[in-house]
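Peer 1: Here it is: the structure, laid out below.
The values are calculated or read from the model by the stated rules, or taken from the named source; none is laboratory data. Here the structure is a predicted model, which is why all the values come from computation and not from measurement. Don't worry about glycine lacking a Cβ; one is built from the backbone with ideal geometry, like all the others, and counts go over all protein chains shown. Areas reflect the complete protein model, heavy atoms only, side chains present, ligands, DNA and RNA absent. Shrake-Rupley method; radii C 1.70, N 1.55, O 1.52, S 1.80 Å.
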Amino acid sequence: PEPIVDDITRARIENKLSHGEVAATLFMGALYLSVFELLKTEVLMCPAALIIPDVVEGKMVPRFGADGRFRPDKRYMSELKVSTPRQLYRHALRWLCDREVLDSNQVEELLDLEKYRHTVAHELPRFVVDLTKAVDTSRYLRLGHYLALLGRWRVRLEMNYDDDSNEGVADDDIVTVPMSLCAHLTATFGKVADTMTSAAGKPEHPSQSR
């Protein structure tokens, strides 16, 4: 016999699988993955602001390739005590914690954000069809929080190289390229989401926490 589905559950399923809701879920998943990569790069760039690059034949070895990807040199890897690039994110967080840029609770949260990134990447189809699952917008907001926190720390550090003081410069006046891109992606999602309707109404914006 066919399983019995009550009207409320049927309506929830139809809403979950509606074109607008599926599009919003996929868009939000892509948004989380994209902004996490911005955050990961910022985490890796923070130690690079203090660690002097390798020098080969009188020239500093660039840490970014032509494709824009961060490429750590031997000195960077040695300073972070890491043997493989796959460990860079965790070791960079530990490095920042040792220097009191982050505390242990913040490191744990940043590791949780990485773990959730893997969940979204590997289980996105489940987010589309499972009534109990949705991309966690509260975690998305935390990505933006740490992107700003670490970006501003790095910029202030670089400012100190040029001018012994950055007093009088408010945090709100420091906006990095990754922060701007994150804001643009979030605003884009908001505009797209406003055009998506379903039986249950409009999908949730990233600016709304759970």
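Peer 1: Kindly state which helices (runs of 4 or more DSSP H) lie completely within region 31-140 and contain at least 1 residues that are within 30 Å of Glu21 (Cβ to Cβ).
Peer 2: It comes to 104-129.
Peer 1: Next question, about the same structure. Pick from Arg117, Arg94, Arg86: which is charged (D, E, K, R) and at pLDDT below 90?
Peer 2: Arg86
Peer 1: I'd like the full set of residues that are open to solvent by 10 Å² or more (accessible area, probe 1.4 Å) and in contact (Cβ under 8 Å) with a residue 12 or more places away in the chain, limited to region 100-111.
Peer 2: Val101, Gln106, Val107, Glu109, Leu111
Peer 1: Do we find a residue being among the polar types (S, T, N, Q), modelled with pLDDT of 95 or more and either at negative phi or surrounded by 13 or more Cβ atoms within 10 Å (Cβ to Cβ) (or both) anywhere in region 16-29?
Peer 2: No, region 16-29 contains no residue that is among the polar types (S, T, N, Q), modelled with pLDDT of 95 or more and either at negative phi or surrounded by 13 or more Cβ atoms within 10 Å (Cβ to Cβ) (or both).
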